[in-house]
Amino acid sequence: MQKEDNHGELWDRVILPNGMIGYVFQSYLREVPNRQIEAINVSSDKTLLKKGETIKLKVEILPDEAKDHEIEYISSNPKVATVDSIGNVMAIKSGTTTITVKAKENNVKGEIQIKVITPVTGIELTNQNIVMQVGDQFTIKPIITPVDADNKNVIYSSKDEQIAKIDIKGNITAIKEGNTKITVMAEDGALKKEIDIIVVKKLNQGEVKFDESLNIMQNEITGWDIENLNVENIIEKIETLYNIEIYDYKGNELKEGEKVGTGSKIRLVDENNNIKMEYYIIIYGDVNGDGKINSLDLLVLQRHILEIQRLNGTFLKARKYKQKRKESFLIRFTNNTKTYINFKNNRTIEVYWVI
Ligand SMILES: [Ca+2]
């Protein structure tokens, strides 16, 4: 008991063992239970939690008569895991923390160490299937979520390496005609995704010829006039023996007059409906695949830069715009991404960016 100013009513006078006389005032009074907490045992079904997971701690208070006495919960690192007043632990991010359960009436406490891990919960691939010509290469870049996963490494494998093989960086090489599957597996073992690979015979010039304005990079095509790209414009630029089918990035077949955007696919099929080849359309600046370049693309790009939603595959390639525009308005993001906004007329804004 500290020597202090008097508060409240005088309650009692006590004689201490050393003979001193003390006065007890009301403000110092606290009911002291007969039997105090002597031990606190803390346990949990799990001490290894995944980010976002919650568990309730099991707390045993001894002796039994004291089990209703007040206790408090403290997390040594609330950034890793928090604990509420009734022992619910919530895993926030990777790391370790000690949860202490302490008696309010004295210094008796129990502890438990909680480890939080952040496993891979998503492997996102733009392509569900890829058509490649014998000898072609194509790189897949899966988006691994969450961005703060402890181990974002993936392991690639091919079901049939005679048909297509894949290296540790995700570069697929088409070896011979046939079908196979590529598996992308998170190294932490939790998740995997598959892609169908169709390897077709290399087409020769007589089978398909593209307009000179286009730039063909194996199965990706750039160099499109972005002003009016619709199904007919594309068909006009391809000379082929085969039927041409155009699909949007979601896989819906596009009809005459419909606008074509990034991620759309040109499929060549023979009279028996066999796929002869597929090409992806990349329109620089159109990162959302709607065929227009406007402020929506800028928003999508901002989400990519801020890692809210990463761009992938052809969309990722469409974010680059290398041409210099003199009458452009330049925006700089903090990470040095340059964005050019080109005011074309009173109604249209074109947005280009260079990363
Ligand atoms: Ca767009």
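The values are calculated or read from the model by the stated rules, or taken from the named source; none is laboratory data. Predicted model, so just to flag it, every value in this text is computed and none were measured. Don't worry about glycine lacking a Cβ; one is built from the backbone with ideal geometry, like all the others, and counts go over all protein chains shown.
Those residues that are among the β-branched types (Val, Ile, Thr), loosely packed, with under 13 Cβ neighbours inside 10 Å and in contact (Cβ under 8 Å) with a residue 40 or more places away in the chain, I need them from region 124-169; list them, please.
Listed by number, the list holds a single entry, Val147.
So which residues in region 40-85 are hydroxyl-bearing (Ser, Thr, Tyr) and farther than 13 Å from Thr98 by Cα?
Selection gives Thr54, Ser85.
Looking at (1) hydrophobic (A, V, I, L, M, F, W, C); (2) more than 30 Å from Thr82 (Cβ to Cβ); (3) under 18 Å from the mean Cα position of the chain (by Cα), which one does Ile143 not meet, given that it meets all the others?
Unmet condition: (2).
Conditions tested, residue by residue: (1) of a type in the set (Gly, Ala, Ser); (2) in contact (Cβ under 8 Å) with a residue 40 or more places away in the chain; (3) touching a strand residue (DSSP E or B) at 6+ places or on another chain (Cβ under 6 Å).
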{"residue": "Thr183", "(1), (2), (3)": "no, no, yes"}
{"residue": "Glu194", "(1), (2), (3)": "no, no, yes"}
{"residue": "Val199", "(1), (2), (3)": "no, yes, yes"}
{"residue": "Leu203", "(1), (2), (3)": "no, yes, yes"}
{"residue": "Glu207", "(1), (2), (3)": "no, yes, no"}
{"residue": "Glu212", "(1), (2), (3)": "no, no, no"}
{"residue": "Thr222", "(1), (2), (3)": "no, yes, yes"}
{"residue": "Glu232", "(1), (2), (3)": "no, no, no"}
{"residue": "Ile235", "(1), (2), (3)": "no, no, yes"}
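Wholly within region 150-190, which strands (runs of 3 or more DSSP E) include no fewer than the required count, namely at least 1 residues that are among the charged types (D, E, K, R)?
164-166, 178-186
With the structure loaded, tell me whether Thr100 is modelled with pLDDT under 95 and either within 21 Å of Ala149 (Cβ to Cβ) or in contact with a Ser or Thr (Cβ under 9 Å, 6 or more places away or on another chain) (or both) or whether it fails that test.
No: the conditions fail for Thr100.
Report whether or not Leu296 is modelled with pLDDT of 55 or more, within 11 Å of the ligand (Cβ to nearest atom) and surrounded by fewer than 19 Cβ atoms within 10 Å (Cβ to Cβ).
Here the answer is yes, as Leu296 does meet what is asked.
Restricting attention to region 33-86, which residues are touching a residue at least 60 places away in the same chain (Cβ under 8 Å) and among the aliphatic types (A, V, I, L, M)?
Ile37, Ala39, Ile40, Val42, Leu48, Leu49
Where residues in region 191-204 are in a loop (DSSP other than H, G, I, E, B) and under 22 Å from Tyr279 (Cβ atoms), which of them is modelled with the lowest pLDDT?
The qualifying residue modelled with the lowest pLDDT is Asn204.
Taking region 68-83, which residues are more than 13 Å from Gly110 (Cβ to Cβ) and loosely packed, with under 14 Cβ neighbours inside 10 Å?
Asp68, Glu70, Pro78, Lys79
State yes or no: is Ile86 surrounded by fewer than 19 Cβ atoms within 10 Å (Cβ to Cβ), of a type in the set (A, V, I, L, M, F, W, C), modelled with pLDDT of 95 or more and assigned to a loop (DSSP other than H, G, I, E, B)?
Yes; evaluated as a whole, the condition is true for this residue.
Tell me whether region 172-179 contains one or more residues that are buried (at least 16 other Cβ atoms within 10 Å of the Cβ), among the acidic types (Asp, Glu) and over 15 Å from Arg310 (Cα atoms).
no
Considering (1) away from the ligand (no atom under 16 Å from the Cβ); (2) part of a strand (DSSP E or B); (3) buried (at least 20 other Cβ atoms within 10 Å of the Cβ), say which one Glu239 fails and leave the rest.
Unmet condition: (3).
From (1) within 15 Å of the ligand (Cβ to nearest atom); (2) in contact with a helix residue (DSSP H, G or I) (Cβ under 7 Å, 6 or more places away or on another chain); (3) at pLDDT 90 or above, pick out the condition that doesn't hold for Lys255.
It fails just one condition, (1).
Residue by residue, here is whether (1) farther than 24 Å from Gly122 by Cβ; (2) touching a helix residue (DSSP H, G or I) at 6+ places or on another chain (Cβ under 8 Å); (3) in a strand (DSSP E or B); (4) within 16 Å of the ligand (Cβ to nearest atom) holds:
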{"residue": "Glu232", "(1), (2), (3), (4)": "yes, no, no, no"}
{"residue": "Gly251", "(1), (2), (3), (4)": "no, no, no, no"}
{"residue": "Thr262", "(1), (2), (3), (4)": "no, yes, no, yes"}
{"residue": "Ile266", "(1), (2), (3), (4)": "yes, yes, yes, no"}
{"residue": "Met277", "(1), (2), (3), (4)": "yes, no, yes, no"}
{"residue": "Gly289", "(1), (2), (3), (4)": "no, yes, no, yes"}
{"residue": "Leu301", "(1), (2), (3), (4)": "no, no, no, yes"}
{"residue": "Leu311", "(1), (2), (3), (4)": "no, yes, no, yes"}
